[in-house]
Amino acid sequence: MSTHINAPEGAIAPNVLLPGDPLRAKFIAENFLENAKCYNEVRGMFGFTGTYKGVPVSVQGTGMGQPSLSIYATELFKFYNVQTAIRVGTCGAVSEKTQLRDTILVNSACSDSCLLNQRFGNMHFAPTASFELVKAADKVAGEMGIRYCVGSVASSDFFYDKNENWKKWAEYGVLGIEMESAELFTLAAEYKRRAMAIMTVSDHILLGGATTAEERQTTFTNMMKVALETIVAVNK
C-alpha cells in the first residue's frame, strides 16, 4: 500500500513526469495538461493527472535527492503500475558543450550514492535511460529547434560539495550534476519500466552563471514540452 501518495486506484496515468519541485508539478499541470485534477497533497508533494494531446499524463513532485525520489518512483511503479517516467529537472553544467538554459537529454547517470552500494555491493551497476525514450526525445528536440545535447549526468548526494567531485566527473565527459536520475533509472530497471531524464542547465559550475529560483520553477518550459511530446510519440 502506498504511504506517500494518497491516490485511489486509476487516478494516476501510465505516463508520469517527475519534477523535484512540487510547485513545478503544479505549473506543468496548470499550463500544459487538460482537465488536470490533483490526486495528491501528502507532505505538500503535489500530484496531478490530466491529458496532453489526448494522452493521459500525470505529474508528480518527488523532492530533492535520490532517497526522496526513490520513495515516489517506487510507489508509482509498484502500487500504481506506472509504465513510463520522465524526470524533468535542473542540473549544474560541468561541460563546455553546454550553456545556461540548455536542455540535456540524459541517456545515463553516474552516482556517488550509497544506494547503489546497498543494492549491488562490490558490483557496479550502470543506471541507463530507456533508449526508446531517448531516441524519441532526440527527434522531438531536434524538430523544436532548441539548443540541446545528449549525454550523461552525475547524480550526487551532495549539493554543497566541498570536495569538488564534479571535476572528476567532468574529466570523463559528464555534462551536468544533479541529484535524482541514477535512482530513477535503477528503479525502472528493477520494475522493467521505461525512464529517462530531461534537464535544464540552471547554473554553470564550470563557466559560471546561474538562474533565479523563479526561473527554475516557471520558465524552463523547453524540457517540459520535450517530455510531453516524447510521451505522445511513444504512445502512438
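Bear in mind that the values in this text are calculations on the coordinates, not laboratory data. Please read these numbers as outputs of a predicted model, since none were measured by experiment. Note: ideal-geometry Cβ built from the backbone for every residue, glycine included; neighbour counts use all protein chains shown.
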query: Can you name the residue in region 103-126 that is in a loop (DSSP other than H, G, I, E, B) and touching a helix residue (DSSP H, G or I) at 6+ places or on another chain (Cβ under 7 Å) and, of all such residues, is farthest from Ala93 (Cα to Cα)?
result: Phe125
- prompt: Does Val88 fit the bill of being touching a Lys or Arg at 6+ places or on another chain (Cβ under 8 Å) and closer than 18 Å to Tyr191 by Cα?
  reply: no
message: Return the residues of region 8-20 that are in contact with a strand residue (DSSP E or B) (Cβ under 8 Å, 6 or more places away or on another chain) and either outside any loop (DSSP other than H, G, I, E, B) or surrounded by fewer than 20 Cβ atoms within 10 Å (Cβ to Cβ) (or both); say none if nothing qualifies.
response: Pro8, Ala11, Pro14, Asn15, Val16, Leu17, Leu18
query: Considering Phe32, Phe46, which residue is over 22 Å from Ser155 (Cβ atoms), in contact (Cβ under 8 Å) with a residue 40 or more places away in the chain and hydrophobic (A, V, I, L, M, F, W, C)?
result: Phe32
- prompt: Can you tell me which residues in region 212-222 are under 15 Å from Pro19 (Cβ atoms) and part of a loop (DSSP other than H, G, I, E, B)?
  reply: Thr219, Phe220
query: Here is a list of conditions, (1) touching a His at 6+ places or on another chain (Cβ under 9 Å); (2) crowded, with 20+ Cβ neighbours inside 10 Å, and Val153 meets all of them except one; can you say which number that is?
result: (1)
message: Which of the numbered conditions does Lys78 fail, given that it passes all the others? Conditions: (1) under 16 Å from Gly10 (Cα atoms); (2) basic (Lys, Arg); (3) in contact with a Gly (Cβ under 9 Å, 6 or more places away or on another chain).
response: (3)
query: Just a yes or no: is a residue in region 58-68 in a helix (DSSP H, G or I), surrounded by fewer than 24 Cβ atoms within 10 Å (Cβ to Cβ) and among the aliphatic types (A, V, I, L, M)?
result: no
field: Residue list for region 176-192, restricted to those being over 13 Å from Ala129 (Cβ atoms) and of a type outside the set (Asp, Glu)
entry: Gly176, Ile177, Met179, Tyr191, Lys192
statement: Going through (1) surrounded by fewer than 20 Cβ atoms within 10 Å (Cβ to Cβ); (2) in a loop (DSSP other than H, G, I, E, B); (3) of a type outside the set (S, T, N, Q) one by one, Arg43 fails only at (2)
query: Which of the residues spanning region 207-236 are among the aliphatic types (A, V, I, L, M) and surrounded by fewer than 16 Cβ atoms within 10 Å (Cβ to Cβ)?
result: Leu207, Ala210, Ala213
- request: Could you please find all residues in region 119-142 being without any contact (Cβ under 8 Å) to a residue 60 or more places away in the chain and under 21 Å from the mean Cα position of the chain (by Cα)?
  value: Ala126, Phe131, Lys135, Asp138, Gly142
field: Wholly within region 127-211, helices (runs of 4 or more DSSP H) carrying at least 3 residues that are over 30 Å from Val82 (Cα atoms)
entry: 166-171
